[in-house]
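Structure, as structure tokens:
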Amino acid sequence: MIADRLHHVSISVQDIDRARNFYGKLLGLKEIERPDFPFPGAWYQAGACQIHLIVAPQGVDVGRVPAQLSPLAPHTAFRVENYQQTVEGLRDLGLEVMETRAEVGQIWVQDPDGNVLEFIAPAQS
């Protein structure tokens, strides 16, 4: 096998300040040092993986986000400890939340740019 683990996930955003607020302040990810690239962005540590927020230059096609929240859309999943607290916390932020149930442990939202994020908690019986 060539690849042995996931290093980072890149997420395209339009407004880096709004994205920093969402990923850093609201989700509580720790911002880490980022090289001085010729385009705006921010990097965050999420456990052993990194999240790279990138503001693509005008006219560069980076694909589309889904028109509505869907667990079938490409998404990034974060592990969380407590299902119910996560659902309540996301709703308190005013986000549309799609959820399964604590026994399954899956929760989905969209970030301010429409990117789908999943939060997955250990299954509770």
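The values are calculated or read from the model by the stated rules, or taken from the named source; none is laboratory data. It should be emphasised that the depicted structure is a prediction, and the values quoted were computed from it without experimental measurement. Cβ sites come from the backbone with ideal geometry, for glycine too, and all protein chains shown count toward neighbours.
List the pairs whose first member sits in the range 103-122 and is assigned to a strand (DSSP E or B), whose second member is small (Gly, Ala, Ser), and whose Cβ atoms are under 7 Å apart, counting only residues at least 6 apart or on separate chains?
116/70; 116/73; 118/77; 120/77; 120/105
State all residues of the range 84-121 that are more than 25 Å from residue 62 (Cβ to Cβ) and of a type in the set (S, T, N, Q); if no residue qualifies, say none.
Answer for the range 84-121, where residues must be more than 25 Å from residue 62 (Cβ to Cβ) and of a type in the set (S, T, N, Q): 84, 85, 86, 100, 106.
Among the small types (Gly, Ala, Ser) and not assigned by TED's automatic domain parsing to the domain that holds residue 12 - does that describe any residue in the range 33-55?
no
Does residue 64 fit the bill of being over 17 Å from residue 11 (Cβ atoms) and of a type in the set (Lys, Arg)?
no
Is there a residue in the range 49-59 that is at pLDDT below 95, closer than 27 Å to residue 124 by Cα and surrounded by fewer than 16 Cβ atoms within 10 Å (Cβ to Cβ)?
For the range 49-59, residues at pLDDT below 95, closer than 27 Å to residue 124 by Cα and surrounded by fewer than 16 Cβ atoms within 10 Å (Cβ to Cβ): absent.
Go through (1) loosely packed, with under 12 Cβ neighbours inside 10 Å; (2) at pLDDT below 95 one by one and return the number of the condition residue 100 breaks.
Unmet condition: (1).
Can you tell me how many residues within the range 52-97 are of a type outside the set (A, V, I, L, M, F, W, C) and in a loop (DSSP other than H, G, I, E, B)?
Summing the residues that are of a type outside the set (A, V, I, L, M, F, W, C) and in a loop (DSSP other than H, G, I, E, B) in the range 52-97 gives 15.
Restricting the search to the range 1-33, which residues are part of a loop (DSSP other than H, G, I, E, B) and in contact (Cβ under 8 Å) with a residue 12 or more places away in the chain?
5, 6, 7, 13, 14, 15, 27, 29
Give me the pairs, please: first residue somewhere in the range 61-88 and without any contact (Cβ under 8 Å) to a residue 40 or more places away in the chain, second residue anywhere and surrounded by 14 or more Cβ atoms within 10 Å (Cβ to Cβ) and of a type in the set (Gly, Ala, Ser), beta-carbon distance under 8 Å, and either six or more positions apart or on two chains.
Correct list of pairs: 82/121; 84/102; 86/121.
Of (1) over 25 Å from residue 8 (Cα atoms); (2) of a type outside the set (Asp, Glu); (3) touching a helix residue (DSSP H, G or I) at 6+ places or on another chain (Cβ under 8 Å), residue 80 satisfies all except one. Which?
With respect to (1) over 25 Å from residue 8 (Cα atoms); (2) of a type outside the set (Asp, Glu); (3) touching a helix residue (DSSP H, G or I) at 6+ places or on another chain (Cβ under 8 Å), residue 80 is out only on (1).
Hey, any hits in the range 41-63 for a residue that's more than 13 Å from residue 119 (Cα to Cα), touching a helix residue (DSSP H, G or I) at 6+ places or on another chain (Cβ under 8 Å) and of a type in the set (Phe, Trp, Tyr)?
For the range 41-63, residues more than 13 Å from residue 119 (Cα to Cα), touching a helix residue (DSSP H, G or I) at 6+ places or on another chain (Cβ under 8 Å) and of a type in the set (Phe, Trp, Tyr): present.
Could you tell me which of the residues 67, 46, 77 is surrounded by fewer than 16 Cβ atoms within 10 Å (Cβ to Cβ), touching a Leu at 6+ places or on another chain (Cβ under 8 Å) and not charged (D, E, K, R)?
From the options 67, 46, 77, the qualifying one is 77.
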